[in-house]
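What follows is a set of notes on a single structure, which appears directly below.
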Amino acid sequence: MSTATPRSPFLLGFRLSSRAAGDYTDDLPALRPVERIALDPRVTFLVGENGSGKSTLVEALAVALKLNAEGGGRSYQFGFTTRRTHARLHRRLELEWASLPPRNSFFLRAESVFNLATAIESTGSVGEMQKVYEQPIHEQSHGESFLDIALNRLAPNGLYLLDEPEAALSVRGQLALMQRMHELLDRDCQFVVATHSPVLVGFPGATILQLDDDGVGRIEYDAVPQVELTRSFLDEPERFLRHLLA
Amino acid sequence: MIRSVSLRREEVDASRYPFSIPALRSLTTLELHPQATLFAGENGSGKSTLVEAIAVAAGFNAEGGSRNMRFSTRASHSELHEHLHLVRDDRPQRDGFFLRAESFYNVATEVATLEVSGYGDTPLHEQSHGESFLSLALERFRGRGLYILDEPEAALSVQGMLALIRRMHELASDGSQFIVSTHSPVLLAYPGGRIYVLSEAGIVETPWEETEPVELTRSFLADRARFLHYLFAET
């Protein structure tokens, strides 16, 4: 596993102010005891059950960074929104910068790649689209377009927020994303990634933070529930299923 | 419920998209499993295109939803469905849903707008997307239904996926049929179904152990350091 010395992180972390956001995020058990979350200068993964708040946290970070909450770079900030669905958690975030903000930043959430594709086409940002993509995104599968964005749009000197990027990707696609992340980490990039994938979270040298009822805590790869569970399932699927469906 | 799907090859130009997709080039007739048919394949292999076309041919909205949802943010579906012939079996269909992960966000918006009842107490947008999909499957799927799910694992934790498998099993035992595309090695293990892999070789029935998601995930979990060593040496 590589243990390169961290350099030029953008975000050291963030504080959560004690005032209430005034919505459901005030009641998320994982966030209630949290005052500060330190981010890895390279890669931080957020793991946790559905509903634990990990996507909400990545989204709040994106909004605090003034990135569109449905996914996209800064140029799409006001370009499209099908509905305002983001929570108010960002109001409580106090970002701790370690350096100047990055040249590039991007918030990618798999669930709205479809809308992003529509927005890029309909807002007529054709120049950018042709620059970045070889064919209109809608003619690619969503996995392909997602991977294209990840592979082409993510550039050196960037802070990238990815919300469940595995959602649209095959295992092979996730491995390609990991290769790209590996390349970019040598060129001043920082990633914060919410994920359910047992593969992606195995990125070497990353900090893994688990959100659960006790709060947000560091956890080692082999102890991550999605890793343990997938491993024991793949070891003995018949036994596992017999138990599950009994 | 659907017994088989045939492509009327004489009507199509195999050099044009989507008929030019390698996996679809040799498609004639595909027998579906009465309970669960699972489609696997690489990103871009055509499995979502195929599943979407089966759904539209069966009467669903291309972006997903139940059969009475008629919204569209954009018609992105291919013309494949126009050339598919579905052979039904004699089981009555009382329920149905077509879910595509990529547009579930839009379905959630639509449900909130229409204030459709039967989706649980919490509006879908206030749940996490994983939770909203699970509550859809657990509460809205009533049984004796045709359920077409395009990458339903997208928003789910492994726990969530196991809950989905359990619900699928209940519904399938009650006369429902599932047609599912997936990248998940866990979901592919759904017992008593049939797996088709889409690739350059066409559409081939494949045992679970031999599918790529299973092989890759297994070897990654078995020896991560070695796997990553080779992966990063390629760049």
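The number of residues in the range B:1-51 being within 15 Å of B:Glu205 (Cα to Cα), charged (D, E, K, R) and either in contact with an Asp or Glu (Cβ under 6 Å, 6 or more places away or on another chain) or free of Cβ contacts under 8 Å to residues at least 12 places away in the same chain (or both) comes to 0.
Checking each residue in the range B:165-196 for being under 13 Å from the mean Cα position of the chain (by Cα) and either farther than 23 Å from B:Gly143 by Cα or of a type in the set (S, T, N, Q) (or both) picks out B:Gln177, B:Ser181, B:Thr182, B:His183, B:Ser184, B:Tyr196. Going by the conditions given, is A:Val193 more than 10 Å from every other protein chain (Cβ to nearest Cβ), modelled with pLDDT of 95 or more, surrounded by 19 or more Cβ atoms within 10 Å (Cβ to Cβ) and not in a helix (DSSP H, G or I)? Criteria met by A:Val193.
Among strands (runs of 3 or more DSSP E) entirely within the range A:15-130, having at least 1 residues that are farther than 19 Å from A:Leu154 by Cβ and at pLDDT 85 or above singles out A:36-38, A:43-47, A:93-97. Residues that are within 13 Å of another protein chain (Cβ to nearest Cβ), over 30 Å from B:Phe19 (Cα atoms) and touching a residue at least 60 places away in the same chain (Cβ under 8 Å) number at least 1 in the following helices (runs of 4 or more DSSP H) confined to the range B:139-235: B:158-173.
Selection of first residues in the range B:80-92 that are in a loop (DSSP other than H, G, I, E, B) and of second residues that are among the basic types (Lys, Arg), restricted to Cβ pairs under 8 Å at least 6 apart or on distinct chains, gives the following pairs, ordered by first then second residue: B:Asp89/B:Arg3; B:Arg91/B:Arg144; B:Pro92/B:Arg144. Taken residue by residue, the range A:159-178 has at least one member that is part of a helix (DSSP H, G or I), within 11 Å of chain B (Cβ to nearest Cβ), of a type in the set (S, T, N, Q) and under 19 Å from the mean Cα position of the chain (by Cα). Just one of the listed residues (B:Thr109, B:Thr113) is at pLDDT below 65 and under 18 Å from A:Arg109 (Cβ atoms), namely B:Thr109. Is there a residue being surrounded by fewer than 21 Cβ atoms within 10 Å (Cβ to Cβ), closer than 27 Å to A:Leu108 by Cα and facing another protein chain (nearest Cβ under 9 Å) anywhere in the range A:202-212? Checked the range A:202-212: at least one residue is surrounded by fewer than 21 Cβ atoms within 10 Å (Cβ to Cβ), closer than 27 Å to A:Leu108 by Cα and facing another protein chain (nearest Cβ under 9 Å).
If a residue has to be surrounded by 15 or more Cβ atoms within 10 Å (Cβ to Cβ) and more than 8 Å from chain B (Cβ to nearest Cβ) to count, how many in the range A:216-227 make the cut? The number of residues fulfilling the criteria is 3. Considering the range B:116-136, the residues that are surrounded by 17 or more Cβ atoms within 10 Å (Cβ to Cβ) and outside any helix (DSSP H, G or I) include one that is modelled with the lowest pLDDT, namely B:Tyr119.
Please verify whether the range A:207-224 includes one or more residues that are assigned to a helix (DSSP H, G or I) and within 16 Å of the chain's Cα centre (by Cα). There is no residue in the range A:207-224 that is assigned to a helix (DSSP H, G or I) and within 16 Å of the chain's Cα centre (by Cα).
Which condition from (1) over 22 Å from B:Leu216 (Cβ atoms); (2) not in a helix (DSSP H, G or I) is the one that A:Pro198 breaks? With (1) over 22 Å from B:Leu216 (Cβ atoms); (2) not in a helix (DSSP H, G or I) applied to A:Pro198, the lone miss is (1). Against the conditions (1) farther than 14 Å from B:Leu99 by Cα; (2) of a type outside the set (Ser, Thr, Tyr); (3) out of contact with any Gly (no Cβ under 6 Å at 6 or more places or on another chain); (4) modelled with pLDDT under 95, B:Glu139 satisfies every one except (3).
Of the residues making up the range A:229-246, those that are at the interface with chain B (Cβ under 9 Å from one of its Cβ atoms) and surrounded by 12 or more Cβ atoms within 10 Å (Cβ to Cβ) are A:Leu229, A:Thr230, A:Arg231, A:Phe233, A:Leu234, A:Asp235, A:Pro237, A:Phe240, A:Leu241, A:Leu244, A:Leu245.
The values are calculated or read from the model by the stated rules, or taken from the named source; none is laboratory data. Bear in mind that the values here come from a model prediction, so they are computed numbers and not experimental data. No Cβ is skipped: glycine too gets one built from the backbone with ideal geometry, and neighbour counts run over all protein chains shown.
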